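A.B. asks: Here it is, the structure in full.
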Amino acid sequence: MSSVTITIDGIKISAEEGMTVLQAAQANGLYIPNLCNHPDLRPAGLCRVCVVKQDDWKITISCKLPVKEGMVISTEDPAVQQIRKNTVELLIANHPMTCLTCEADSKCELQRVAHYVGITPDSINRYRRSVRSIPLDTSNPFFDIDHNKCIMCGICVRTCDELQNINAIDYAQRGVASLISTLGNKPIAESRCESCGECVVRCPVAALATKKSLQPMREVRSICSYCGVGCGIHLGVRGDKIVGVRGDQENPVNRGSLCVKGRFGYRFINHPERLTTPLVKKDGVLVEASWDEALDRIVEKFSEHKGEKFAALASARITNEDNYLIQKFTRAVMGTNNIDHCARL
Amino acid sequence: MHERLSEVLSPYKGRRDALIPILQNVQAEIGYLPDEAMLEIAKTTGLPESRVYAVASFYAQFRFKPRGRHTIMVCRGTACHVRGAEKILEETERALGIVEGETTEDKKYTLETVACIGCCALAPCIMIDEDVEAKLTPKMVSEILDGRAE
Amino acid sequence: MSFAELQKKARQEWDELQNGDIPQIIVGTATCGRSAGAMAVIKAFEDALKEKGVQAVIVEVGCIGPCYAEPLVNIAKPGKAVIAYRNVTKAMAAELVDSYLIGDDPLPHYTLGTIGEKTVEGIPRILDTPSFKPQERRVFRNCGIIDPTNINHYLANEGYAGLNKALGMTQEAVVDEMKRSGLRGRGGGGFPAGRKWEAGLKAKGSQKYVVCNADEGDPGAFMDRAVIEGDPHSVIEGMIIAGYAIGADTGYIYVRAEYPLAIRRLERAIKQAHEKGFLGKNILGTDFSFDINIFPGAGAFVCGESTALTLSIEGKRGMPRVAPRPRTTEAGLYDKPTLLNNVKTFSSAPMIITRGAEWFASVGTEKSTGTAIFALTGKVNNCGLIEVPMGITLREIIFDIGGGIADGGKFKAVQTGGPSGGCLPEALLDTPIDYDSLDAAGSIMGSGGMVVMDEKTCMVDVARYFLDFTEIESCGQCVPCRLGTKQLLDILKDICKGKGKKKDLELLVELSHSVHGGSVCGLGQTAANPVLSTIRYFRDEYEAHINDKCCPAKVCKPLIAFHILEDKCAGCTLCARSCPVSAISGEKKKVHVIDQKLCVQCGVCMEKCPKKFSAVECVSPKEKIMEVA
C-alpha cells in the first residue's frame, strides 16, 4: 500500500492510502473530536462532531473522507468550530446532567468532546433543556439500558450487526423520537440478545452500562477458562475479589471480544453458594465430606456400573490434559466408548 | 390471524427487499401490525426482528395498535395551516374527547394528522376515511361529526 | 402494428369523439375534483340525461388547474365551442341538461370561459382571462383535456411520438437533446437534467435503473399527483426514453401511498403501454426492453431525498446516505447506476424529444428554461395549479393569475419551496421566478408549493409550523438535524407563548447556520430556511413577540385575548351558546362578558358574532384587555 502526505492544521502527516482523514489523524496522535466513530466498525458519519474543512472550501466529515495526496485539512476553521460547538451543545442540552453518579464518568466521550470544544455554562444556558424520561430497561441480568443518556451514535447497533451478527437492536421511530430498540421496544431480555456485552463496552456514554460494577484496584492478565477458544482477558481485582472482566485487545484469539460467560460469568468465584468441599449424600441429605471419603464412595459406586450403562460427559472448563484423562479413564477403566464433551459454546 | 398472515406472506419467502410491500399488505389484511405479525414477517423474509420494527416504525403509514372503525385525518399542510387547521384540530379533539393519535373509547374514530392530503385549494380540510370535508370552520366540525351515522 | 398505424387508429378515435354528433360532458375527476364533489355531479348528469332521454357522453379527465372552480365541467356540443362550467353542483347539472343540452342557453353566469378557438357570445375565452393569460401549459398539456385512462387519447395528442423518435436516435443524441434543452430537475434542486442523464449513460454497469420520484411530501404541493392523475402516460413515456438513453431495463415509480387514485391510474397506464408494445420486450420492434414497477411509498417526507428513496425501495429505513459518497448515477438503487428524476422532469422529456430542445428553451429564462408549475394556495382568491413560463414575477402570479388576496386581505408574504423554502415579503414581489433568483432572495424553487399569506398570518407561527414539520419528518440519524430542528422548534414555541428571551434571535440564527452546515442531507441543510427568511424579512414580528408579548397578526393564542365591546354587543346570545367551554356569560339583550380565565382563544365567538354587530374584538398583547377593563 502506498502512502500519501496530508496536512492537518499545518502539520504534515503521512497516511496509508485507503485510510480516512480521521484514521490518519489518530494514527499520528492527533485528536479530532468524534462520537460515533469506533475503530472496529465502519464509519457512520452521524454525530457530525468530526467535521473538518477540506482544501479550504468544503465542510465535510473526517471519518468518511478518504485521504488524498496533498489534501489540506483544517479542524480549527471558524465555520468548523461553530458547527462542532453547536452540535455538542445540542447533545448536552438533551443529556442528563448527572455526571458524578454516572457509570461513564471520566471515561465518557461526550465529556471529552465537551471539554475539547470548550462548553461553558453560559453557552449551554442559552438552550432549552429537554431530557427524555424513558424508563430504564433493567431486564438484562448484566447490564442496564438508559435511553435518556443515549446520543444515538449507533455504535451498539453496528456492533450487534457488523461484529456479532445478532441484530437484537436497531434504530426505531424517526426524528427526535428515534431510539435504539428491539422489536416493539420490548425489554432487551425478551429479544434475541445474547448478552455478549460488546455493545456495552463500546457505548461512548452510559446508555448501556454494566450493572453494579466496581472499579478495580488492579488488573490481572489471564485466559478465560470457559471454553477451548482461550480468549485473552484482564481480570479486574479489588482486594482479593474479582470485580470485572475486560477483553484483551492484544490477544490475537479474541482481539478484545468476549461472550456473555467470559465477560459477565465471574461472580461464581466469590459466590457464597460455591462448593468448596465435596458433598456426600447421607440418609438422603448432602453433607460435607473429606476428599478421601468422597473418592472412596465414587470407587465403590462406579465399580457397580462398568460397561455400556456408563457414560461420561467431560467439561470444557477443565484443561485438555484433564479431558484426556477422563476419556482414558472411561475407555480403559469403565470399559465403554460413551464419552462426550460440552465444548459447544 | 395466523392463517390470514401465512396467506399474505406466502409469495415473499426470503424476499428481504420486499419488506415495505409486505408490511403494507399485512396491515391491509389485519388493520395494524401486531408484534406477532412482525415476528412472522421476520421469519418469512429472514430479516432480524429488530429490522422489521425498525423499518415499520420509520414510516408514517404503519400502526402498531388497533384502530377505530373510522379514521379522521386532519390535514396540517401549509395551506390548511394558514387557513386555521390548528383550530380545526383543536375543535375535533374537543368534539371527540381525544387527542391526536388516539382512538375514541367506543372505537368509532381514530384521530390523526396528515402532512398534506393535497386538497390545498379547499383548505382547511379533514379526511374522514375516504371523504374529504373541505373549507371548514371550527363550528362545522361538530356539525359534521354529529351528522355522521355509524 | 407499427407506431404509425397505432397513432392513426388513435387519432381516428379521438377525432370521432371531438367531431362526432353526440355532446360530451367532460368532468375533472382527479382527487381535487372528487373532494369537491365531482362524482356526485357525474351521477346528477347521468340521472338527468336518463330522465330527459338526452344522449351525451360523459368523459372523466384530470385536472386543468383551477381548483377554486372545482367541480369543473366542460360541455362540448357538436359544432359549438367547449364551455367550462365552474363550481358545478348537482342542481346545476340538471339545469345545464335542460337549458343547454336540450335548449340552447349556455347559462353564461355559471361559466369560467370557453376552451379552444371557437367563441360564444357573452362568455370570455378562458385563455383571455387574467387567470389563464400568463400561463403556458406544457407539462399540463393533456391534463383536463384527455381521458387519462385511455391510451389512445394520449397517442392522438403526440403521445409516444417522443419515444418513437428517440428509438431512432443514438443514446448520445437523446442525451444531447436533453442537455441542449436546458431542462433543470423539477424536483426542486434544479440540477441540469441532461447532465444527469449523461452521467447515467456514462456510468459503468450492465444493470441500471430509472427511478421516478413521485413521493410528493411537501405540504402544499400536489402538482405531481395532478400530472399522474391527468396524464400518466407522459411520465411513463419519459421514463422509457430515459431508460433507452442510459441503457436501463427497469424503472420504478416511487409514489405516495396517500395517492391511491394516482397509483390506480399508473397501474392502468402501464398495462396499456404493455399491450401497445411501448413497454416490455423489444419495444416497437427494437432491441430495447424496459419495464416499470410501481412502489407505493409508506409515508416519510425524507424519502423525497434520492438516496433515502432508493434505500426505501430496497426495503430499508429511508435514511439518506452520508457524504462523501458516490452519486446516485454511479451507485443508487441496489448500488447500481440509477437515474432519478421527478415526475415533471420525466413528463417534459417526450416533448423535448418530439419538438426539440430549441422549442423547449424558447420560453423561460436563459438559465432556467421552460415552464414552472406551482400549487398556488393560501390566502389567495384563485387557488390551484398553474404552469407559467420561468421568469414571470411573483406579483403576476399572485395578483393576476391568483386574482389577489382572499377576503379583501392585505398581502404579507409568499412562501415558496415548502419546508425547505423561505418567506418573501412584499418588497420582493417583483422577483422573477427562476432557480437562481429565488435562491438569492433566500427561498428556493423547491417542488412548487406557493403559499400566499396575508396580514392575519403570524410569521413566527409560520416558522414554528415548518419546524414542527421538519422535526417530525427528520430521519433522526444526524445530530444537527435531529436535535437542531427540535431546539429551533422549542425556542420558536417559547416565542409564540411569550416566553422568548432577548438572546433567542441571535441563537436562532447561529443554530440555523450550524444545522445548515452540519446536517447529512438536503432536508436538514435546508430545514432552517423558514427561520432564517422570516427573521431576515419579518424581524419586527419576532421582536414584538419577545419584547412586547404581542402577536401583531393575533394568531399566537397565549398572546391574544378576546373581549366583547360593550357598545356593540346586542345581547343576541349567539356567542354564549356556541362557546365550547362556556366562558361567555350574559342575558338576552344585555352585554355579554368573556371570562378570561376560562377562555381558550378558539375564536368561535368572533366567527359567530353577526357581522352587523362585530362586537367581539381580538387584542394582543393580552394586557390590553386589562386596560379596557
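The values are calculated or read from the model by the stated rules, or taken from the named source; none is laboratory data. This structure is a prediction, so every number in the text was calculated from the model and none was measured. Don't worry about glycine lacking a Cβ; one is built from the backbone with ideal geometry, like all the others, and counts go over all protein chains shown. Heads up: the accessible areas ignore ligands, DNA and RNA and are worked out on the full protein's heavy atoms, side chains in. Shrake-Rupley method; radii C 1.70, N 1.55, O 1.52, S 1.80 Å.
A.B. asks: Evaluate the range C:371-380: report whether one residue or more is more than 14 Å from chain B (Cβ to nearest Cβ) and touching a residue at least 24 places away in the same chain (Cβ under 8 Å). If you could, list the steps in order and put the result at the bottom.
C.D. replies: To start, the set of residues in the range C:371-380 that are more than 14 Å from chain B (Cβ to nearest Cβ) comprises C:371-372.
If we keep only those that are touching a residue at least 24 places away in the same chain (Cβ under 8 Å) too, we end up with C:371-372.
Yes: the range C:371-380 contains one or more residues that are more than 14 Å from chain B (Cβ to nearest Cβ) and touching a residue at least 24 places away in the same chain (Cβ under 8 Å).
A.B. asks: So, one more: Checking the conditions here, which among A:S133, A:S139, A:S195 is without any contact (Cβ under 8 Å) to a residue 24 or more places away in the chain and within 18 Å of A:A209 (Cα to Cα)?
C.D. replies: Working: A:S139 fails: without any contact (Cβ under 8 Å) to a residue 24 or more places away in the chain; A:S195 fails: without any contact (Cβ under 8 Å) to a residue 24 or more places away in the chain.
Within the list A:S133, A:S139, A:S195, the selection yields A:S133.
A.B. asks: Then there's this: If you scan the range C:293-307, which residues turn out to be at the interface with chain B (Cβ under 8 Å from one of its Cβ atoms) and open to solvent by 30 Å² or more (accessible area, probe 1.4 Å)?
C.D. replies: Answer for the range C:293-307, where residues must be at the interface with chain B (Cβ under 8 Å from one of its Cβ atoms) and open to solvent by 30 Å² or more (accessible area, probe 1.4 Å): C:P296, C:F301.
A.B. asks: Right, next: Within the set of pairs 6 or more residues apart or between chains, which connect a residue that is touching a residue at least 12 places away in the same chain (Cβ under 8 Å) inside the range B:97-108 to a residue that is buried (at least 16 other Cβ atoms within 10 Å of the Cβ) and of a type in the set (G, A, S) with Cβ atoms less than 8 Å apart?
C.D. replies: B:T103/B:G68; B:T104/B:G68; B:K107/B:G68; B:K108/B:G68
A.B. asks: Mind counting the residues in the range C:401-422 that are surrounded by fewer than 20 Cβ atoms within 10 Å (Cβ to Cβ) and part of a helix (DSSP H, G or I)?
C.D. replies: Adding up the residues that qualify gives 3.
A.B. asks: Out of all the residues in the range C:531-545, is one or more open to solvent by 60 Å² or more (accessible area, probe 1.4 Å) and part of a loop (DSSP other than H, G, I, E, B)?
C.D. replies: Initial filter on the range C:531-545 (open to solvent by 60 Å² or more (accessible area, probe 1.4 Å)): C:536, C:539-540, C:543.
Pick out the ones that are also part of a loop (DSSP other than H, G, I, E, B) and you get none.
No, there is no match, as no residue in the range C:531-545 is open to solvent by 60 Å² or more (accessible area, probe 1.4 Å) and part of a loop (DSSP other than H, G, I, E, B).
A.B. asks: From (1) more than 12 Å from every other protein chain (Cβ to nearest Cβ); (2) of a type outside the set (G, A, S); (3) buried (at least 24 other Cβ atoms within 10 Å of the Cβ); (4) more than 20 Å from C:I373 (Cβ to Cβ), pick out the condition that doesn't hold for C:P425.
C.D. replies: Result: C:P425 passes all but (3).
A.B. asks: Okay, moving on. Consider C:S447 carefully, then state whether it is surrounded by 24 or more Cβ atoms within 10 Å (Cβ to Cβ), within 21 Å of the chain's Cα centre (by Cα) and more than 9 Å from chain A (Cβ to nearest Cβ). Working first, answer last.
C.D. replies: On the way: surrounded by 24 or more Cβ atoms within 10 Å (Cβ to Cβ): yes; within 21 Å of the chain's Cα centre (by Cα): yes; more than 9 Å from chain A (Cβ to nearest Cβ): yes.
When the stated conditions are applied, C:S447 passes them.
A.B. asks: Output the number of residues of the range C:253-281 satisfying the condition of being farther than 19 Å from B:Q61 by Cβ and open to solvent by 10 Å² or more (accessible area, probe 1.4 Å).
C.D. replies: Result for the range C:253-281: 11.
A.B. asks: For C:L112, are the conditions met, namely being on the phi > 0 side of the Ramachandran plot and assigned by TED's automatic domain parsing to the domain that holds C:A36? Write out each step before concluding.
C.D. replies: Working: on the phi > 0 side of the Ramachandran plot: no; assigned by TED's automatic domain parsing to the domain that holds C:A36: yes.
Spelling it out, it is not the case that C:L112 is on the phi > 0 side of the Ramachandran plot and assigned by TED's automatic domain parsing to the domain that holds C:A36.
A.B. asks: Are any residues in the range B:84-117 surrounded by 20 or more Cβ atoms within 10 Å (Cβ to Cβ), β-branched (V, I, T) and assigned to a loop (DSSP other than H, G, I, E, B), and if so, which ones?
C.D. replies: Within the range B:84-117, B:I117 is the sole residue that qualifies.
A.B. asks: Considering only the range A:181-203, state which residues are aliphatic (A, V, I, L, M), surrounded by 20 or more Cβ atoms within 10 Å (Cβ to Cβ) and more than 9 Å from chain B (Cβ to nearest Cβ). Walk me through it before giving the result.
C.D. replies: First, the residues of the range A:181-203 that are aliphatic (A, V, I, L, M): A:183, A:188-189, A:200-201.
The next check asks that each one be surrounded by 20 or more Cβ atoms within 10 Å (Cβ to Cβ); those that pass are A:183, A:188, A:200.
Passing the criteria: A:I188, A:V200.
A.B. asks: Give the number of residues within the range A:201-254 that are touching a residue at least 40 places away in the same chain (Cβ under 8 Å) and part of a loop (DSSP other than H, G, I, E, B).
C.D. replies: So in the range A:201-254, the residues touching a residue at least 40 places away in the same chain (Cβ under 8 Å) come out as A:201-211, A:213, A:225-229, A:246-247.
Now restrict to residues that are part of a loop (DSSP other than H, G, I, E, B): A:203-207, A:211, A:213, A:225-229.
Looking only at that region, the number is 12.
A.B. asks: Name the single residue that is surrounded by the fewest Cβ atoms within 10 Å (Cβ to Cβ) among those in the range C:516-530 being more than 8 Å from chain A (Cβ to nearest Cβ) and not small (G, A, S).
C.D. replies: Residues of the range C:516-530 more than 8 Å from chain A (Cβ to nearest Cβ): C:516, C:521-530.
Keeping just the survivors that are not small (G, A, S) gives C:516, C:521, C:523, C:525-526, C:529-530.
Details: C:H516: 19, C:C521: 23, C:L523: 24, C:Q525: 17, C:T526: 23, C:N529: 26, C:P530: 30.
It comes out as C:Q525.
A.B. asks: Taking the condition at pLDDT 95 or above and open to solvent by less than 10 Å² (accessible area, probe 1.4 Å), does C:I398 pass?
C.D. replies: Working: at pLDDT 95 or above: yes; open to solvent by less than 10 Å² (accessible area, probe 1.4 Å): yes.
Yes.
A.B. asks: Need the failing condition index for C:I353 against (1) surrounded by 23 or more Cβ atoms within 10 Å (Cβ to Cβ); (2) touching a Cys at 6+ places or on another chain (Cβ under 9 Å), just the number.
C.D. replies: Here C:I353 meets the rest and fails (2).
A.B. asks: Could I ask something else about it? Looking at B:L33, B:L47, can you tell me which residue is open to solvent by less than 10 Å² (accessible area, probe 1.4 Å) and within 14 Å of chain A (Cβ to nearest Cβ)? Give the steps one after another, and end with the answer.
C.D. replies: On the way: B:L47 fails: open to solvent by less than 10 Å² (accessible area, probe 1.4 Å).
Exactly one residue qualifies, and that residue is B:L33.
A.B. asks: Could you list, in sequence order, all residues of the range C:577-588 that are more than 14 Å from chain B (Cβ to nearest Cβ) and either crowded, with 18+ Cβ neighbours inside 10 Å or modelled with pLDDT of 95 or more (or both)?
C.D. replies: C:I584 - this is the single residue of the range C:577-588 that is more than 14 Å from chain B (Cβ to nearest Cβ) and either crowded, with 18+ Cβ neighbours inside 10 Å or modelled with pLDDT of 95 or more (or both).
A.B. asks: Out of A:T75, A:T98, report the one residue that is under 24 Å from C:Q525 (Cβ atoms), among the hydroxyl-bearing types (S, T, Y) and either at pLDDT 95 or above or open to solvent by 20 Å² or more (accessible area, probe 1.4 Å) (or both).
C.D. replies: None of the other options fit; the residue is A:T75.
A.B. asks: Here's another thing I want to ask about it. Restricting to the range C:73-109, give me the number of residues that are on the phi > 0 side of the Ramachandran plot and open to solvent by less than 30 Å² (accessible area, probe 1.4 Å). Can you show your working first?
C.D. replies: As a first pass, look at the range C:73-109 and keep what is on the phi > 0 side of the Ramachandran plot: C:79, C:87, C:107.
Narrowing the set further to residues that are open to solvent by less than 30 Å² (accessible area, probe 1.4 Å) leaves C:107.
Qualifying residue count for the region: 1.
A.B. asks: Could you tell me whether A:G154 is among the small types (G, A, S), within 14 Å of chain B (Cβ to nearest Cβ) and closer than 22 Å to A:T87 by Cα?
C.D. replies: Details: among the small types (G, A, S): yes; within 14 Å of chain B (Cβ to nearest Cβ): yes; closer than 22 Å to A:T87 by Cα: yes.
Against the criterion (among the small types (G, A, S), within 14 Å of chain B (Cβ to nearest Cβ) and closer than 22 Å to A:T87 by Cα), A:G154 qualifies.
A.B. asks: Continuing with the same structure: Which one of C:L311, C:L376 is crowded, with 23+ Cβ neighbours inside 10 Å and either farther than 23 Å from C:P260 by Cβ or in the same structural domain as C:A69 (by TED's automatic domain parsing) (or both)?
C.D. replies: Numbers: C:L311 fails: crowded, with 23+ Cβ neighbours inside 10 Å.
Exactly one of C:L311, C:L376 is crowded, with 23+ Cβ neighbours inside 10 Å and either farther than 23 Å from C:P260 by Cβ or in the same structural domain as C:A69 (by TED's automatic domain parsing) (or both), namely C:L376.
A.B. asks: Something else: Please work out which one of (1) under 38 Å from the mean Cα position of the chain (by Cα); (2) open to solvent by 100 Å² or more (accessible area, probe 1.4 Å) is the condition A:K328 fails and give its number.
C.D. replies: Only one criterion is unmet by A:K328, namely (1).
A.B. asks: So, one more: With respect to the numbered conditions (1) open to solvent by 10 Å² or more (accessible area, probe 1.4 Å); (2) more than 12 Å from chain B (Cβ to nearest Cβ); (3) over 11 Å from C:F290 (Cβ atoms), which one is the sole condition not fulfilled by C:G238?
C.D. replies: Only one criterion in (1) open to solvent by 10 Å² or more (accessible area, probe 1.4 Å); (2) more than 12 Å from chain B (Cβ to nearest Cβ); (3) over 11 Å from C:F290 (Cβ atoms) is unmet by C:G238, namely (1).
A.B. asks: Spot the failing condition for C:C602; the list is (1) touching an Asp or Glu at 6+ places or on another chain (Cβ under 8 Å); (2) within 14 Å of chain B (Cβ to nearest Cβ); (3) more than 23 Å from C:C458 (Cβ to Cβ), and only one is missed.
C.D. replies: Status for C:C602: all satisfied but (3).
A.B. asks: Of C:Y100, C:Y68, which residue is among the hydroxyl-bearing types (S, T, Y), in contact (Cβ under 8 Å) with a residue 40 or more places away in the chain and outside any loop (DSSP other than H, G, I, E, B)? I'd like the intermediate steps shown before the answer.
C.D. replies: Working: C:Y100 fails: in contact (Cβ under 8 Å) with a residue 40 or more places away in the chain.
Step by step, each of C:Y100, C:Y68 is checked, and only C:Y68 is among the hydroxyl-bearing types (S, T, Y), in contact (Cβ under 8 Å) with a residue 40 or more places away in the chain and outside any loop (DSSP other than H, G, I, E, B).
A.B. asks: Then there's this: Looking only at the range C:202-227, filter to residues that are of a type in the set (K, R) and not in a loop (DSSP other than H, G, I, E, B); which one of those is nearest to C:A30 (Cα to Cα)? Show your work before the answer.
C.D. replies: From the range C:202-227, those of a type in the set (K, R) are C:202, C:204, C:208, C:225; that's our starting set.
Next, only the ones that are not in a loop (DSSP other than H, G, I, E, B) stay: C:202, C:225.
Details: C:K202: 39, C:R225: 9 Å.
Restricting to residues being of a type in the set (K, R) and not in a loop (DSSP other than H, G, I, E, B), the top hit is C:R225.
A.B. asks: From the list C:G190, C:G220, which one is open to solvent by less than 30 Å² (accessible area, probe 1.4 Å), farther than 11 Å from C:P337 by Cα, modelled with pLDDT under 95 and more than 16 Å from the chain's Cα centre (by Cα)? Step through it out loud before you land on a result.
C.D. replies: Numbers: C:G220 fails: more than 16 Å from the chain's Cα centre (by Cα).
From the options C:G190, C:G220, the qualifying one is C:G190.
A.B. asks: Moving to a separate point now. Can you find even one residue in the range B:50-57 that is open to solvent by less than 20 Å² (accessible area, probe 1.4 Å) and either over 28 Å from A:Y171 (Cα atoms) or more than 11 Å from every other protein chain (Cβ to nearest Cβ) (or both)?
C.D. replies: No, the conditions are met nowhere in the range B:50-57.
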